There are 2 protein chains.
Amino acid sequence: MSDFAQRLAAVARDTEAALETILQAATDPAPPQRLIGAMRYAVLGGGKRLRPFLTVETARFTGGDAEAALRAGAAIELVHVYSLVHDDLPAMDDDELRRGKPTVHRAYDEATAILVGDALQTLAFETLGDPATHADAGIRAALVLALARAAGAAGMAGGQMLDLEAEGRFGDGLPLELSAGAIRQLQAMKTGAILACAVEMGAIIGGADAASRAALHAYGRALGAAFQVADDILDVESSADALGKATGKDAARGKGTLVSVLGLEAARAERDALADEAVAALAAFGPEADGLREAARFAAGRRS
Amino acid sequence: MSDFAQRLAAVARDTEAALETILQAATDPAPPQRLIGAMRYAVLGGGKRLRPFLTVETARFTGGDAEAALRAGAAIELVHVYSLVHDDLPAMDDDELRRGKPTVHRAYDEATAILVGDALQTLAFETLGDPATHADAGIRAALVLALARAAGAAGMAGGQMLDLEAEGRFGDGLPLELSAGAIRQLQAMKTGAILACAVEMGAIIGGADAASRAALHAYGRALGAAFQVADDILDVESSADALGKATGKDAARGKGTLVSVLGLEAARAERDALADEAVAALAAFGPEADGLREAARFAAGRRS
């Protein structure tokens with residue numbers, strides 16, 4: 001395993017432990033066991049934890065508290081998982097498989113899956129508001145604001161809405177013919193905003209100066225875009241076994257992606273250019289930012 | 001109109017304006033118009049705004065900033081509305097009517113209603129994290145924590161889960177035979193936690209001392225319980241026209257309420273005793289707390 005892969009795996013283990021602690025605390029006093037069980041099913045035991053990695057790495061090299069970064073990364077992961085649980089619902093993308101397991105509404109039921117997503121989002125903000133995450137309330141409030149802006153109507157939730165519209169869900173049923181620019185905008189909201197937020201939260205915890213934050217912001221946006229183009233390419237190239245979720249779905253829905261609009265080769269070129277752009281944004285940093293540089297290459301080149 | 005009714009209506013108008021401002025800000029940059037339209041449909045133009053009233057009144061007489069209280073009240077209303085939108089979904093309570101209008105999934109569609117609820121919850125925390133709500137980050141972070149604890153798996157979302165379980169949704173389809181104590185616990189989570197939180201948020205903004213906060217907490221819990229018993233009684237006694245939503249549904253589902261378990265007379269007696277308990281909790285306060293005293297009587301006696 002490369003150094004990067006080892007570090008990513010180590011943060012994934014730490015994140016798993018942080019999520020376990022957070023979920024344990026949420027069982028006090030005595031909430032319904034079915035809800036807690038389904039929340040644990042959705043959250044634990046899977047995922048590369050790329051978002052927590054970005055938060056932890058950024059906080060580390062900007063001088064932030066490691067434990068705070070881990071809890072903030074866990075919070076962003078809770079929002080990520082909530083969005084997956086809701087996106088998988090029958091009324092949304094109607095997916096049966098997620099991270100190689102039945103989706104929450106298949107393993108449990110729709111009502112439980114709706115409540116699981118709702119409660120995971122709440123738990124994310126509870127975690128960020130909790131003094132256990134950071135002693136400085138100014139940092140806690142800033143983390144809340146950053147995550148809410150990335151997750152809301154102008155970010156992730158808005159991007160999911162645009163995605164459903166692009167499928168033609170609310171019109172005549174025919175997919176919209178989106179330009180490459182419109183697809184990039186949609187993806188920047190749906191996926192990019194939260195990935196960029198993961199970096200931003202690390203910079204908040206590290207108390208990075210304005211110039212560093214601007215550079216890290218540019219890095220986060222480019223990484224997020226690279227990640228999403230890579231995802232579209234994987235949907236065409238990969239197998240469900242390798243990916244742990246259904247593939248070929250975009251094409252089956254006639255959904256516009258950068259692959260369908262630009263072609264596979266141009267999409268690959270854009271993915272690689274975005275990864276280079278992310279790395280270039282870190283030019284002012286030394287070897288301490290190598291973890292982020294590798295994360296950009298990983299996000300662009302990942303096989304699952 | 002009584003002084004109380006006038007004051008309630010005035011806060012409802014102020015809350016409407018605050019919600020309008022918050023929703024306007026959420027349209028910047030340019031999120032999907034369908035999502036924003038559906039969020040506005042769900043949030044604006046309805047409701048007694050009892051929760052914001054409790055926050056605003058409590059902040060007023062504990063010496064808190066009025067604008068901060070209004071924005072915090074608006075945030076709690078956003079969480080309340082999100083929970084209504086999701087509870088109304090076909091997979092949950094499957095309601096067609098809310099505040100006299102078609103529910104969001106009927107006026108729009110299920111996917112939009114899921115995203116509306118998700119984005120409203122996010123917007124609530126964005127509002128509380130925003131320096132525009134209060135200059136003191138310590139207060140902002142405390143508001144986030146209070147609302148998250150009231151809304152999550154140990155509060156509102158957990159209570160909704162217990163409610164679905166009580167209907168027999170996940171077992172043999174037969175409603176559970178709950179004791180009066182179990183029903184009270186369920187209702188304290190589902191409805192009481194958020195009402196008590198509305199009072200708590202006012203006390204946080206007002207910087208109330210520990211003794212005042214304990215008294216206000218006791219008030220909030222009793223008021224929340226009175227409100228919910230009154231709701232169960234209205235479900236039996238009122239008409240859909242008067243209530244703006246379907247009635248008789250609890251009985252039709254064979255769902256245990258304090259009315260079905262204790263009988264109508266005993267339920268009325270419990271409702272009135274809880275209102276008295278709420279008023280008694282305010283004994284240490286003078287006439288400045290009269291708004292809260294009347295709110296307790298209103299919550300217990302309301303006709304819609």
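The values are calculated or read from the model by the stated rules, or taken from the named source; none is laboratory data. Note that the coordinates shown come from a computational prediction; the quantities given were computed from them, not determined experimentally. Cβ placement follows ideal geometry from the backbone for every residue including glycine, while neighbour counts extend to all protein chains displayed.
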Among (1) closer than 30 Å to A:Glu288 by Cβ; (2) at pLDDT 95 or above, where does A:Ala113 come up short? (1)
Those residues that are touching a Ser or Thr at 6+ places or on another chain (Cβ under 6 Å) and not hydrophobic (A, V, I, L, M, F, W, C), I need them from the stretch B:141-154; list them, please. B:Gly152
Does B:His80 qualify as being in a helix (DSSP H, G or I), surrounded by 23 or more Cβ atoms within 10 Å (Cβ to Cβ) and more than 9 Å from chain A (Cβ to nearest Cβ)? yes
Against the conditions (1) under 22 Å from A:Arg140 (Cα atoms); (2) at pLDDT 95 or above; (3) under 21 Å from the mean Cα position of the chain (by Cα), where does A:Gly207 fall short? Just the number, please. (3)
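To keep it simple, each residue is scored yes or no on (1) farther than 20 Å from B:Leu164 by Cα; (2) modelled with pLDDT under 90; (3) part of a helix (DSSP H, G or I); (4) under 20 Å from the mean Cα position of the chain (by Cα).
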site: B:Asp235; (1), (2), (3), (4): no, yes, yes, yes
site: B:Gly256; (1), (2), (3), (4): no, yes, no, no
site: B:Val259; (1), (2), (3), (4): no, no, yes, no
site: B:Ala267; (1), (2), (3), (4): yes, no, yes, no
Check on A:Gly63, more than 12 Å from A:Thr127 (Cβ to Cβ) and more than 11 Å from chain B (Cβ to nearest Cβ): yes
One residue is enough: does the stretch A:34-51 have a residue meeting the conditions in contact with a Ser or Thr (Cβ under 8 Å, 6 or more places away or on another chain), away from chain B (no Cβ under 13 Å) and at pLDDT 90 or above? yes
What's the total number of residues in the stretch A:135-166 that are buried (at least 24 other Cβ atoms within 10 Å of the Cβ) and either over 30 Å from A:Leu258 (Cβ atoms) or at the interface with chain B (Cβ under 7 Å from one of its Cβ atoms) (or both)? 13
Per the filter on the stretch A:102-130, residues in a helix (DSSP H, G or I), charged (D, E, K, R) and facing chain B (nearest Cβ under 7 Å) are A:Glu110, A:Asp118, A:Glu126
Can you confirm whether B:Ile194 is touching a helix residue (DSSP H, G or I) at 6+ places or on another chain (Cβ under 8 Å) and either within 30 Å of A:Leu78 (Cα to Cα) or free of Cβ contacts under 8 Å to residues at least 12 places away in the same chain (or both)? yes
Residue by residue through the stretch B:149-191, note down the ones that are more than 21 Å from B:Ala222 (Cβ to Cβ), among the charged types (D, E, K, R) and free of Cβ contacts under 8 Å to residues at least 40 places away in the same chain. B:Glu165, B:Arg169, B:Asp172
Collect the residues in the stretch A:19-60 that are within 30 Å of A:Gly286 (Cβ to Cβ), more than 16 Å from the chain's Cα centre (by Cα) and buried (at least 24 other Cβ atoms within 10 Å of the Cβ), keeping them in residue-number order. A:Ala59
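Every residue, every condition in (1) within 14 Å of the chain's Cα centre (by Cα); (2) assigned to a helix (DSSP H, G or I); (3) polar (S, T, N, Q); (4) buried (at least 24 other Cβ atoms within 10 Å of the Cβ), yes or no:
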position	(1), (2), (3), (4)
B:Gly168	no, no, no, no
B:Gly171	no, no, no, no
B:Leu176	no, no, no, no
B:Leu186	no, yes, no, yes
B:Gly192	yes, yes, no, yes
B:Cys197	yes, yes, no, yes
B:Gly202	no, yes, no, yes
B:His217	no, yes, no, no
B:Gly220	yes, yes, no, yes
When the stretch A:83-120 is examined, which residues are found to be farther than 20 Å from B:Ala157 by Cα, touching a residue at least 60 places away in the same chain (Cβ under 8 Å) and crowded, with 22+ Cβ neighbours inside 10 Å? A:Arg98
For the stretch B:189-234, the count of residues that are on the phi > 0 side of the Ramachandran plot and charged (D, E, K, R) equals 0
